[in-house]
Structures are given as structure tokens and as C-alpha cells.
4 protein chains.
Amino acid sequence: MKENKSSMQKVNQFRDDRDWRQFHKEKDLAISISLEASELLELFQWKNSEEVVSNKLERIKEELADVLIYSYMLADNLDLDIDEIIAEKLVKNEAKYPVNKSKGKNEKYTEL
Amino acid sequence: MKENKSSMQKVNQFRDDRDWRQFHKEKDLAISISLEASELLELFQWKNSEEVVSNKLERIKEELADVLIYSYMLADNLDLDIDEIIAEKLVKNEAKYPVNKSKGKNEKYTEL
Amino acid sequence: MKENKSSMQKVNQFRDDRDWRQFHKEKDLAISISLEASELLELFQWKNSEEVVSNKLERIKEELADVLIYSYMLADNLDLDIDEIIAEKLVKNEAKYPVNKSKGKNEKYTEL
Amino acid sequence: MKENKSSMQKVNQFRDDRDWRQFHKEKDLAISISLEASELLELFQWKNSEEVVSNKLERIKEELADVLIYSYMLADNLDLDIDEIIAEKLVKNEAKYPVNKSKGKNEKYTEL
């Protein structure tokens, strides 16, 4: 794996080397993103953030990476540009959460 | 928001403008990644991939972006480099799923 | 464990024998229900229903039971009667999904 | 809906009145259990247990009921007896978490 490849290229090479695109229906990729997010969350089960961050950083890195890897695969399946969809969603979130109404508040936009 | 900012910078500016880091304990960010992953998956509830991709691409983009945005926030909280943790995890996954054993197979590594 | 105890009594005895109520904050029980639901869903990752039901019925029973066990714990924490909350929710669902509009349709009530 | 029906009978009548069993593949029911568990968890997003229990008990009842309703549907699809699978799983959990090793501890059995 050459260092100068992008993350997206590495992710795609990983699945193409294994001929796995045939299994990667978008619904199943969405399931997998959700499952990996749960494995990340499981690290925090019954604990508070501080003890988990101190003791399980390596595991957090792995599970967060898995969330990202499946997210990149779904994006690639649908020809989506990661940076573009993030930028577009932030614009929408700015409309839902205007700074003057949401600053320092932990309420959902429907309750602001 | 200037175009030449990275996604990570845009994500951080969004939360800093709202003074939201105080709520962003890592456990709560892990919960939020999981919730956004479920909102993405909900688009596929009772449906198959084809009908959802045809009819709800805009919604997929939004929910996938939310997964990525919270993932970037958690990475930033922990000073993790996105590309680095992806590269490291792919190396681990390659050990768990050697090409010669996993090619064309949809089994978990524990069942290969 | 005597056979004539109710499921709720057995679940509570299990956690009280281990002095676990101290960890069972409602937020953490909600996390646990979600994690167990993901372990159930993981059985179906990359597969279709038929192959999983044929090959993994024992595992389905275990993971579904875990979802129920944590759900019962949360209900008990909040003094909720399982049968009552189910009956009440079905009444609400009937209003959202009137038979004449929803019969044979797999759409969300917001799209009916 | 007559009062003397069991919860399981009410749940089944609800779906049969709408002719929904055709959509209720086990994989999709597992997805739905997971989605409802996330809607329950979402009530606790960015909050602590106390504020949510005080302010959103009605919503907790609804989302917990939805988790149970889909769990009952999956059990019924597979001809599983709810009380039986709970009892069997508690026996397995007792072996994984013997009282003398797990009392007052919030560790996973793999770390006890």
C-alpha cells in the first residue's frame, strides 16, 4: 500500500482485492456503519468518558476507523465526495442552528 | 466559510461558533455517531437498496454527512488524524482478512 | 430460580444478586438496549433473513433475549408496566396508521 | 381491542389488520428494533438520566414500547416464547457473570 494513496483509494483497494463489492449493497453498508458505531459506543458502556479515553484509546481509534471506512465505501458506491457532502450539510445545519439561537444550548433545533 | 478550509476545520468552526465543545464529551459524541448512523439506516427500513438509492439520494447524503461530522469531532477531541487511523485499521483488517482466505467470501473472520 | 417467578422478577433478581442497580442509570440502560439490538442485527450483516434464521436461531434467541432483558430493567427502573405501555403505544400507532390508509403499504406515516 | 388479550396477541392483531407480515422479514425486524432503540437513546443525547426521566417520561414510554413491539413481532415470526428465551439467557448470563466475580463490578465478563 503506497503512502501517497488517499484514504478513499486505500479503502477501495482493500475491498477490491477481496472482491467484496458484490456484498456491498448500500443497505448492508448502512447496516455496517451502524454496527461499527455501536462497537465504538460499547467501549463507553457503563463508563464515563474520562476512564474510557484514558484506558481504551487504541480501541477507540480502531472502531472510529471502522465507522469511517464503511462510510467511505458507501460514499464511493454512490459517487459522493466526502468533503462536498460535509460542506453542504454544515450549511444546512447552520440554518437549523443559527448561532444567536443555539450558542451554548444543548437543545434540538425543534426545541430551540 | 472559506472554500479552502479543510472539512475538519469547517466542522470545528461550526461547533466553536456555537460554543458546543462543552457538551461534546466523547461518550456523547459516540452516542451521536450511533444515532446518525441509525438515521441513515432508517432510510432503508422495509426497502431494498435500489429503491432507496433512486428515491432518497439527497437524504442519504445528509445522514452520511452527519455520521462523518460527528466522527470528525470525536477524532478532533482525541487529536486523532483521520487518514492515519484509517490506514492503521486497514493494516489490521488485512491481517484478519488475508486475501487468499477471504476473497469472494461474506463470512466474519472468526468463521473463515 | 423458581419456575413460577415472572420474567421481570427473574431479571431483577439477576441484577440485584450482583448489586448492579448502581450502574443502571437510565441513559446507560438505553445505551445497552441499543448495543444489544446491534448484536442482534449483526447476525444479519451481509446475509438475507432465510440463511440467518436457518443457521443462527440459537444466537437470535440470545440476542433478542438481551434486548428484552435490558428493556425490562429500564421499565422496572421507571416503574412502567410492560403490557400497559405496549397497549398504549398500539393505540397511538393505530391513529398514525389507520387501517384504510396503511393496509399493505410499507410507507412511513409521514409519507402515507 | 379487548382487555383480556395478551400483549403478543395485540401486537399481532395490529400487524395482521394492516397486512404487514409480508414486509416483516426477520432482517428488517432486526433493523427496526435497532432503529427504535436509537430513538429511545436519542432522548438522552447530550443529557443526563435525571433531566430526561423528569422531562420526557412519556416519550421514553413510547420508544421503549416500540422496541418491545418489534421484539415481540420477531419472536412471533420465529415461534419463540418471550419468557422462555429470557429465562434461558439469564441462565447463560449467570455462567458468564458468577455472583462472586461480578458483584458490584461494571466490567465485561471478558475483563473480569
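Okay, here's what the table says:
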quantity: Distances in nm from B:Lys101 to the matching label points in the other copies, shortest first (labels 7 Å along Cα to Cβ); calculated: 2.7, 5.4, 5.4
quantity: 0 to 90° range, to nearest 10: angle between helix C:26-42 axis and chain C longest Cα axis; calculated: 60
quantity: Value of relative contact order over chain A, rounded to a whole percent, pairs C-alpha under 8 Å and six or more apart; calculated: 27
quantity: Shielding by partners - mean other protein chain Cβ count within 10 Å, residues of B:13-25; calculated: 4
quantity: Size of charge dipole - region B:1-79 - debye, nearest 20, with Cβ of Lys, Arg +1 and Asp, Glu -1, no other charges; calculated: 160
quantity: Label-point gap, in nm, between D:Asp79 and D:Gln9 - each point 7 angstrom along Cα→Cβ; calculated: 2.1
quantity: Mean projected area in nm² (Cα convex hull; one quarter of hull surface) for region C:59-112; calculated: 5.3
quantity: Chain D - Rg over Rh from alpha carbon coordinates, Kirkwood radius; calculated: 1.05
quantity: Averaged over C:56-63, number of beta-carbon atoms from partner chains that fall within 10 Å; calculated: 4
quantity: Given charges at beta-carbon only (K, R positive; D, E negative), |dipole| of the protein assembly as shown in Debye; calculated: 0
quantity: Average partner coverage of D:99-112, which counts Cβ from other chains inside 10 Å; calculated: 3
quantity: Stokes-Einstein D for the protein assembly as shown, Kirkwood Rh over Cα pairs, 20 °C, 1.002 mPa s (µm²/s); calculated: 93
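Any read-out appearing in this document is the output of simple, stated calculations on the displayed coordinates, not a laboratory observation. Keep in mind that what you see is a predicted model, and the values were worked out from it rather than measured. In this analysis, Cβ positions are derived from the backbone assuming ideal geometry, glycine residues included, and neighbour counts consider all displayed protein chains.
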